[in-house]
There are 2 protein chains.
Amino acid sequence: MSAQQGRQLKLGAILEGVATDHSTWRDPALPGDASIDINWYIENARLAEASKFDFVFIVDSPFITPDTAPHFLNRLEPLTLLSALAVSTSKIGLVGTLTTSYWEPYNVARQFGSLDLISRGRAGWNVVTTGLEGAARNYSREDHFEHSLRYRRAREFVDVVQGLWDSYEDDAFPRDKVSGVFLDKSKQHALNHKGEFFSVAGPLALSRSAQGQPVLFQAGVSEEGRNFGAHIAEATFAGAESFEESREYYADLKARAAALGRDPDLIKVLPGLAPIIADTDEEAKAIEEARRGAFDLEKLLVQLGRLFNYHDFRQYPLDEPFPDVSGLTLNSYKGHAERVIRIAREEKLTLRAAAHRFGLWRTEFVGSPKTIADSIEHWFTGHAADGFILRVARPQDFALFREKVVPLLQQRGLFRKDYDHSTLRGHLGLPVPENRWTRAARLNLAAAE
Amino acid sequence: MSAQQGRQLKLGAILEGVATDHSTWRDPALPGDASIDINWYIENARLAEASKFDFVFIVDSPFITPDTAPHFLNRLEPLTLLSALAVSTSKIGLVGTLTTSYWEPYNVARQFGSLDLISRGRAGWNVVTTGLEGAARNYSREDHFEHSLRYRRAREFVDVVQGLWDSYEDDAFPRDKVSGVFLDKSKQHALNHKGEFFSVAGPLALSRSAQGQPVLFQAGVSEEGRNFGAHIAEATFAGAESFEESREYYADLKARAAALGRDPDLIKVLPGLAPIIADTDEEAKAIEEARRGAFDLEKLLVQLGRLFNYHDFRQYPLDEPFPDVSGLTLNSYKGHAERVIRIAREEKLTLRAAAHRFGLWRTEFVGSPKTIADSIEHWFTGHAADGFILRVARPQDFALFREKVVPLLQQRGLFRKDYDHSTLRGHLGLPVPENRWTRAARLNLAAAE
């Protein structure tokens with residue numbers, strides 16, 4: 001049976017140059033300056049577009065140390081990068097990460113709104129609150145915002161941004177050269193927001209794109225993160241350690257959204273997917289073993305420490321039980337850090353085992369193209385995922401996925417063979433949101449009749 | 001005598017879509033959506049590049065009202081726009097306006113640094129402090145920063161940004177795949193700035209471009225504005241009402257820079273140039289008259305009011321002396337506003353006359369291509385300008401300038417026939433600034449020898 005008429009798999013591709021771990025960059029096929037070379041990004045975005053991916057995705061974080069992984073050390077900034085990609089592609093969505101903790105909502109609304117016009121309706125914003133406390137010191141603050149406060153602040157921030165995006169109704173600009181009317185002033189709307197954290201008058205000097213507003217992505221896993229996602233997300237970038245864990249997250253997030261009166265089908269749950277692919281399952285498993293063996297334990301400890309505000313795990317004995325770090329502030333990547341502590345306790349992991357387990361992206365997706373496609377189908381039909389965000393920094397892995405796995409998914413009727421739309425909302429099956437002022441006028445009119 | 005070996009004229013082109021006055025947009029040749037159509041910008045940037053312009057220039061302002069002129073009402077945002085232009089051109093400089101009053105220096109350093117890498121050394125930042133008090137209300141502030149405070153703040157802001165741009169020495173990344181050394185940690189430098197307004201630790205996650213750092217532009221005309229320019233500007237976007245006024249500004253600014261120990265040749269003074277060109281001088285003058293006659297007086301009053309925080313001049317009698325508005329706050333475009341008051345008094349202008357005089361871009365540059373080229377040469381050789389920033393929204397004016405005036409300037413040896421460089425610093429004859437840490441190490445070494 002073809003699934004062509006029904007639910008369709010969504011696929012994103014993370015473009016992260018020399019990768020966010022400490023060893024991938026040494027792959028001979030990966031250019032050492034990939035993270036700062038716009039041509040590398042353009043080439044890979046075009047490859048993803050040729051394979052009909054829904055979007056490319058740019059990760060981000062506003063704080064580094066000398067021990068930070070290669071991609072984060074030196075990389076193009078998301079908004080400038082995506083704007084360059086916007087005119088180098090024509091269909092694929094363009095999703096960038098940006099923190100609500102260290103920006104002004106007016107500037108964020110302008111830049112994503114501008115990207116949305118430049119790309120003609122292909123922009124997405126991955127809304128994060130920043131997990132690294134050190135970021136505060138780059139922004140004239142002594143301390144990072146406390147975890148639950150920064151989610152409350154993020155909610156208001158997103159409200160303001162969405163309000164600004166609706167500053168002009170879609171028919172606000174007659175541009176009538178004969179009569180001399182450029183703007184219909186009744187269709188320009190100030191926001192006049194006054195809230196707990198922000199006061200923003202507006203209007204924003206930008207009309208809306210073909211998709212109405214940029215798509216909101218979100219990636220929180222803590223309790224606050226899930227609630228925030230249930231409120232605002234149209235797509236979530238989730239972890240993907242196991243089918244069971246993802247299915248729980250999927251059901252939980254959609255239930256939270258439904259409880260808020262939202263249609264749960266309009267939040268796409270997209271786990272991160274870091275597959276290891278080879279011609280046969282045996283070869284893929286051998287590659288996995290070799291890669292794990294090649295990892296430098298010290299760097300895995302640094303990578304693990306990043307989840308705990310760059311806590312230095314190198315101070316503990318390696319072969320004793322995972323240290324008690326629950327007393328550490330969890331004002332960082334709280335959801336991730338709590339999960340590490342819980343699993344380490346449940347599975348009685350040593351620090352060495354935990355470093356291997358959490359310092360790398362773990363994946364169930366190891367095998368031949370058919371095995372990978374089977375797993376994807378299993379997760380998709382089993383409601384552990386609406387699709388995946390692909391994390392493959394190595395050119396050969398990306399090539400195998402595009403050339404071998406995508407065609408299998410297309411043959412099975414799970415994934416598009418060509419684009420039916422030219423906006424990100426179109427690809428994701430999300431409706432164009434009606435301008436709030438147009439809607440209010442329509443409802444008032446209906447009520448008066 | 002050819003000036004080919006000597007001082008060379010610099011030319012920028014403002015890309016401002018449907019223009020920042022209230023009547024140009026009605027020109028039949030100008031698309032009504034030019035200000036939000038990336039293809040319009042790409043086409044015009046390529047035309048400027050084909051004529052060997054030094055740079056394109058994007059004006060900006062973070063506040064609008066329903067009465068704002070068409071371009072400002074609805075336009076692409078400078079950083080996203082310039083990033084799209086960066087991959088659509090290969091030689092021309094890319095200069096964007098951004099205010100220090102409502103941004104974080106870390107974000108500004110990142111975005112301009114990223115644009116500089118994407119464009120391979122063609123970025124420029126026009127540093128402004130924002131003249132419109134209403135902007136405060138888009139950024140959660142009750143009041144706009146007071147005029148002299150915002151210049152003090154801007155000085156520190158620029159210091160921080162320039163410090164962050166030097167986070168990595170140029171040889172910081174060995175990227176040695178065999179030994180596994182990606183970063184030479186001794187070449188990554190935190191800034192640890194703590195000042196009156198900002199505390200910024202760094203480092204910034206960006207290496208430097210081929211031109212070292214983006215070029216700093218500035219446009220202040222008040223006392224504080226000139227001092228700020230003397231300190232930080234590498235090029236200034238000045239007014240250009242008359243030869244005498246420009247020569248005074250030119251000499252004054254360079255003297256102030258020299259007094260600070262700077263080489264005055266390394267600040268390029270570039271007045272805004274809004275020429276009216278036709279086959280003959282008579283035709284050009286007739287066009288000028290017709291355009292002035294077509295201006296709507298009410299809109300000129302609004303345009304004039306913008307310099308005074310959108311003060312409403314429509315309340316005063318038109319044919320009486322220019323009203324006494326000196327009691328109004330001049331916390332806005334202070335230099336421009338003071339100049340209007342001064343000239344109105346000196347020349348005994350009525351409000352109607354002042355609206356025509358200051359509500360339009362006044363220009364001495366009206367005539368045939370030869371007349372225009374003669375005026376440019378006069379200003380250039382007379383040290384009233386090192387070049388010009390062209391403000392021609394109408395396609396036919398831009399075409400005449402490119403096709404008729406530029407060749408004359410080239411024949412006279414005043415302007416390049418082809419690019420000799422591929423960075424903005426190269427075009428402007430500005431040296432690549434040595435990284436501050438590399439320099440310090442070199443000087444320490446020299447001192448020890």
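The values are calculated or read from the model by the stated rules, or taken from the named source; none is laboratory data. The model shown is predicted, which means the values in this text are computed figures rather than measured ones. Note that each Cβ is placed from the backbone with ideal geometry, even for glycine, and that neighbours are counted across all protein chains shown. Just the protein is used for accessible areas: all its heavy atoms, side chains included, with ligands, DNA and RNA removed. Shrake-Rupley method; radii C 1.70, N 1.55, O 1.52, S 1.80 Å.
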Can you tell me which residue is farthest from residue B:170 (Cα to Cα) among those in the range B:395-447 that are touching a Gly at 6+ places or on another chain (Cβ under 6 Å) and open to solvent by 10 Å² or more (accessible area, probe 1.4 Å)? B:423
Mind listing whichever residues of the range A:229-263 are under 14 Å from residue A:389 (Cα atoms) and either out of contact with any Pro (no Cβ under 7 Å at 6 or more places or on another chain) or assigned by TED's automatic domain parsing to the domain that holds residue A:340 (or both)? A:235, A:236, A:237, A:241
Among the numbered criteria (1) under 20 Å from the mean Cα position of the chain (by Cα); (2) farther than 28 Å from residue B:288 by Cα; (3) open to solvent by 10 Å² or more (accessible area, probe 1.4 Å); (4) more than 7 Å from chain A (Cβ to nearest Cβ), which one does residue B:100 miss? (3)
Would you mind stating whether residue A:170 is in a loop (DSSP other than H, G, I, E, B), among the acidic types (Asp, Glu) and in contact with a helix residue (DSSP H, G or I) (Cβ under 6 Å, 6 or more places away or on another chain)? no
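Results for (1) open to solvent by 70 Å² or more (accessible area, probe 1.4 Å); (2) assigned by TED's automatic domain parsing to the domain that holds residue A:398, shown as yes or no for each residue.
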| site | (1), (2) |
| --- | --- |
| A:265 | yes, yes |
| A:270 | no, yes |
| A:302 | no, no |
| A:306 | no, no |
| A:321 | yes, no |
| A:343 | no, no |
Open to solvent by less than 40 Å² (accessible area, probe 1.4 Å), in contact with a strand residue (DSSP E or B) (Cβ under 9 Å, 6 or more places away or on another chain) and either of a type in the set (Lys, Arg) or closer than 27 Å to residue B:105 by Cα (or both), is that true of residue A:219? yes
Kindly indicate whether any position in the range A:263-275 is out of contact with any helix residue (DSSP H, G or I) (no Cβ under 9 Å at 6 or more places or on another chain) and of a type in the set (A, V, I, L, M). yes
Checking the structure you have, find out if any residue of the range A:25-34 is more than 9 Å from chain B (Cβ to nearest Cβ), in contact (Cβ under 8 Å) with a residue 12 or more places away in the chain and either touching a strand residue (DSSP E or B) at 6+ places or on another chain (Cβ under 7 Å) or under 27 Å from residue B:105 (Cα atoms) (or both). yes
What number of residues in the range B:134-160 are touching a residue at least 12 places away in the same chain (Cβ under 8 Å), of a type outside the set (Lys, Arg) and more than 12 Å from chain A (Cβ to nearest Cβ)? 9
On the given criteria, is residue B:123 within 12 Å of chain A (Cβ to nearest Cβ), on the phi < 0 side of the Ramachandran plot and open to solvent by less than 10 Å² (accessible area, probe 1.4 Å)? yes
Scanning the range A:42-70 residue by residue, those within 9 Å of another protein chain (Cβ to nearest Cβ), at pLDDT 95 or above and open to solvent by less than 10 Å² (accessible area, probe 1.4 Å) turn out to be A:70
Determine if the range B:150-162 includes at least one residue that is touching a Gly at 6+ places or on another chain (Cβ under 6 Å), modelled with pLDDT of 95 or more and open to solvent by 10 Å² or more (accessible area, probe 1.4 Å). yes
Tally time: how many residues in the range A:130-162 are over 25 Å from residue B:157 (Cβ atoms) and of a type outside the set (D, E, K, R)? 8
Return a yes/no flag: does the range A:101-111 have any residue that is more than 25 Å from residue A:335 (Cα to Cα), touching an Asp or Glu at 6+ places or on another chain (Cβ under 7 Å) and polar (S, T, N, Q). yes
Scanning the range A:266-289 for residues that are at pLDDT 90 or above and more than 18 Å from the chain's Cα centre (by Cα) gives A:276, A:277, A:278, A:279, A:280, A:281, A:282, A:283, A:284, A:285, A:286, A:287
Please name all residue pairs, on different chains or six or more residues apart, with Cβ atoms under 9 Å, provided the first residue is in the range A:391-418 and is without any contact (Cβ under 8 Å) to a residue 24 or more places away in the chain and the second residue is in a helix (DSSP H, G or I) and of a type outside the set (A, V, I, L, M). A:403/A:369; A:407/A:369
Go through the range A:79-97 residue by residue and tally those that are open to solvent by 10 Å² or more (accessible area, probe 1.4 Å), facing chain B (nearest Cβ under 10 Å) and either in contact with a Leu (Cβ under 7 Å, 6 or more places away or on another chain) or not hydrophobic (A, V, I, L, M, F, W, C) (or both). 1
Check the range A:228-240 and report whether any residue there is at pLDDT 95 or above, closer than 29 Å to residue B:60 by Cβ, among the charged types (D, E, K, R) and open to solvent by 20 Å² or more (accessible area, probe 1.4 Å). no
The residue that is farthest from the other protein chains (Cβ to nearest Cβ), considering only those in the range A:103-112 that are open to solvent by 10 Å² or more (accessible area, probe 1.4 Å) and within 19 Å of residue A:83 (Cα to Cα), is A:103
